[in-house]
Amino acid sequence: MKTLLIYTGGTIGMMENPENGSLIPLNFNELQNYIPELRKFANDLDVKAFDTPIDSSDVNVSTWQSIASIIEDNYDQYSGFVILHGTDTMAYTASALSFMLDGLAKPVILTGSQLPIGRLRTDGKENLITAIEIATARRNGEPVIQEVAVLFDSKLFRGNRTHKFSTENFDAFSSPNYDDLASIGIHILYNHQKLLRKEKNRLNVHSVFQTDVAILKIFPGMSKAYVQAVLNIPNLKGLILETYGSGNAPKETWFINELQQAAQKGIVILNITQCSKGFVEQGLYQTSAALQQIGIIGGADMTTEAALTKLMFLLGKGLSGKALKEQLALPIAGELTTFSSLGN
Ligand code: ASP
């Protein structure tokens with residue numbers, strides 16, 4: 001069976017506008033002129049391109065829905081999927097898709113590039129060709145990768161564990177809290193023990209997201225007006241609270257009171273650390289015990305990208321209150337590490 005390449009846009013398919021030098025997206029026909037290597041895959045690859053390729057800063061829920069519905073409509077005809085996507089929001093899209101594609105048993109590999117395809121030193125060709133190779137890899141008659149992953153430079157990561165950490169390096173992504181799924185050198189070395197294997201059921205795509213959410217990043221000296229402005233957003237249903245260290249926040253009464261009032265209004269609050277590596281462990285310090293007491297959920301080692309898309313996804317499924325809190329704390333697609341899995 002063939003691989004389906006889904007082209008959404010991003011730097012990989014951009015060219016400099018001769019008038020002002022800014023980067024603008026190419027359509028797929030223009031893009032493939034820069035990658036003659038694609039002809040080698042001619043019999044094994046089909047392409048579905050967005051009519052209007054986008055810079056991934058313009059990604060929104062409808063982009064995720066479009067990608068997921070292409071995968072759903074073509075799931076049985078293809079052995080795997082490669083998505084060309086801008087790097088800026090790739091970690092959000094990878095996370096969102098990992099939740100949407102319930103029952104996924106085939107590879108969905110996102111990749112892109114730091115330099116446009118027209119540049120001599122572009123990283124786009126290698127990324128694209130490696131992503132296609134990974135999407136076709138099989139072992140014992142089964143796809144090696146059966147989840148949403150991000151291929152960038154010399155690494156393959158679980159998609160919902162990634163974070164874009166560099167605007168400069170070719171290795172632009174990291175997976176701070178989960179081992180790489182593969183390292184790419186002369187050979188592609190898969191980390192078989194770390195690959196997601198779930199019970200196989202049919203692909204079931206859930207496409208509804210609830211976007212009445214917000215991120216409140218705390219900082220020393222933040223004003224009450226700032227906190228109140230975020231917590232009083234009309235219709236707010238869920239909040240990512242970006243805290244210090246292992247989930248710590250000021251103990252000041254006004255701050256805890258504001259959060260408590262929000263929680264009492266039914267806003268579900270998920271505590272995610274501003275550190276890129278490690279866990280939220282509410283109750284470890286006095287400065288997080290109060291958060292625990294007012295019903296804020298600890299987000300373990302989730303990235304902000306995974307936490308936010310998961311919150312929007314679970315709210316979109318109609319969950320609220322206790323059921324929502326329970327689901328937030330459990331892994332859906334390998335996006336968080338549970339203490340029990342660490343043997344604690
Ligand atoms: N702004 C671009 C995008 O995310 C950056 C990139 O692709 O690297 O679409």
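Throughout, read-outs are computed from the coordinates displayed, never taken from laboratory work. No experiment lies behind these values; they were computed from the predicted model shown. With ideal geometry, Cβ positions are generated from the backbone for all residues, glycine too; neighbour counts draw on all protein chains shown.
Observations on the model:
- Taking the DSSP beta bridges with both ends in the chain, the antiparallel portion is around 35 percent.
- In order through region 126-142: 3J(HN,Hα) via Karplus (6.51 cos²θ - 1.76 cosθ + 1.60), integer Hz, x for Gly, Pro: 5, 4, 5, 5, 5, 4, 5, 4, 5, 5, 9, 5, 10, 9, 6, x, 10
- Lysines whose Cα lies under 20 Å from that of Lys194, excluding same-chain neighbours fewer than 8 positions away: Lys106, Lys155, Lys277
- Whole-Å distance, taken between Cα centres, linking region 48-103 and region 142-166: 14 Å
- Cross-link partners of Lys224 among lysines (Cα-Cα below 24 Å; sequence separation of 8 or more within a chain): Lys237, Lys251, Lys265
- On Cα atoms only, tilt of 90-100 relative to the major axis of the chain in degrees: 80 degrees
- Degrees separating the helix 61-74 axis from the principal Cα axis of the chain, which is the longest one: 50 degrees
- Taking amide hydrogens as placed 1.01 Å from N in the peptide plane, the amide H of Gly80 sits under 5 Å from those of Leu4, each at least 5 positions away in sequence or on another chain.
- Proximal charge balance of Ala263 [Cβ under 14 Å; K/R count +1, D/E count -1]: +3
- Spatial separation of Cα centroids for region 266-344 and region 218-233, in angstrom: 21 Å
- The share of alpha-carbon pairs in the chain lying farther apart than 30 Å comes to 38%.
- Whole-number percent relative contact order across the chain, with pairs defined as alpha carbons under 8 Å at least 6 apart: 14 percent
- Inter-label distance, nm, simple model (7 Å from Cα along the C-beta direction), Asp179/Lys198: 2.2 nm
- Counting Lys and Arg as +1 and Asp and Glu as -1 over every other residue whose Cβ lies under 10 Å from the Cβ of Phe170, the net charge comes to -4.
- Each Lys or Arg adds one and each Asp or Glu takes one away; over the other residues whose Cβ falls under 9 Å from the Cβ of Lys155, this sums to -3.
- Across region 271-344, the mean sequence separation of Cα contacts (distance under 8 Å, 6 or more residues apart), normalised by length, yields a relative contact order of 29 percent.
- Whole-angstrom gap from region 197-212 to region 8-27, using each part's C-alpha centre: 33 Å
- Computed label-point distance, nm, for sites Arg138 and Gln286 using a 7 Å Cα→Cβ extension: 6.2 nm
- Taken over the C-alpha atoms, region 166-208 has Rg and Dmax values of 15.2, 41 angstrom.
- Shape of region 47-180, Cα gyration tensor, a/c cut at 1.5: rounded
- Cα-based radius of gyration for region 255-320, normalised by 2.2 N^0.38 Å, reads 1.14.
- Burial order of peptide ranges 111-118, 176-183 (average beta-carbon count within 10 Å, highest first): 111-118, 176-183
- Computed per residue of the chain from DSSP H runs no shorter than four, each worth -39500 (n - 2.57), the mean residue ellipticity at 222 nm is -8000 deg cm²/dmol.
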